[in-house]
Amino acid sequence: MADYTFDNVSVVMGTYNEEAAIGTVLDDIDRVTDGRAEVVCVDGSDDRTPEIARDHGARVIEQEPRGYGYAVR
């Protein structure tokens, strides 16, 4: 059986107008995974969420606002 590490982990989250919290969440993910997990935000925000996410090293995929379920799919 293969050993898995945080290098094998991707955190995928739908985000929508999360500018007040996204930086803290991404900092927490970075701290817990020692900065080794890939983070992907699927975003439909009309605030600064995508910019803040990118500044914290997340990959951002922008989409039309359609809800969290659609974003994760």
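The values are calculated or read from the model by the stated rules, or taken from the named source; none is laboratory data. The structure presented is a predicted model; accordingly, all values stated were derived computationally and were not measured. Note that each Cβ is placed from the backbone with ideal geometry, even for glycine, and that neighbours are counted across all protein chains shown. Accessible surface is based on the protein model in full, side chains and every heavy atom, while ligands, DNA and RNA are left aside. Shrake-Rupley method; radii C 1.70, N 1.55, O 1.52, S 1.80 Å.
Taking the criterion of being touching a residue at least 12 places away in the same chain (Cβ under 8 Å), on the phi < 0 side of the Ramachandran plot and of a type in the set (D, E, K, R), the residues of the range 1-54 that qualify are ASP7, GLU18, GLU19, ASP27, ASP30, ARG36, GLU38, ASP43, ASP46, ASP47, ARG48. Among the numbered criteria (1) modelled with pLDDT of 95 or more; (2) assigned to a loop (DSSP other than H, G, I, E, B), which single criterion is violated by GLU51? Looking at each condition in turn, GLU51 falls short on (2). Total residues in the range 1-48 satisfying the condition of being part of a helix (DSSP H, G or I), among the β-branched types (Val, Ile, Thr) and open to solvent by 70 Å² or more (accessible area, probe 1.4 Å): the figure is 2.
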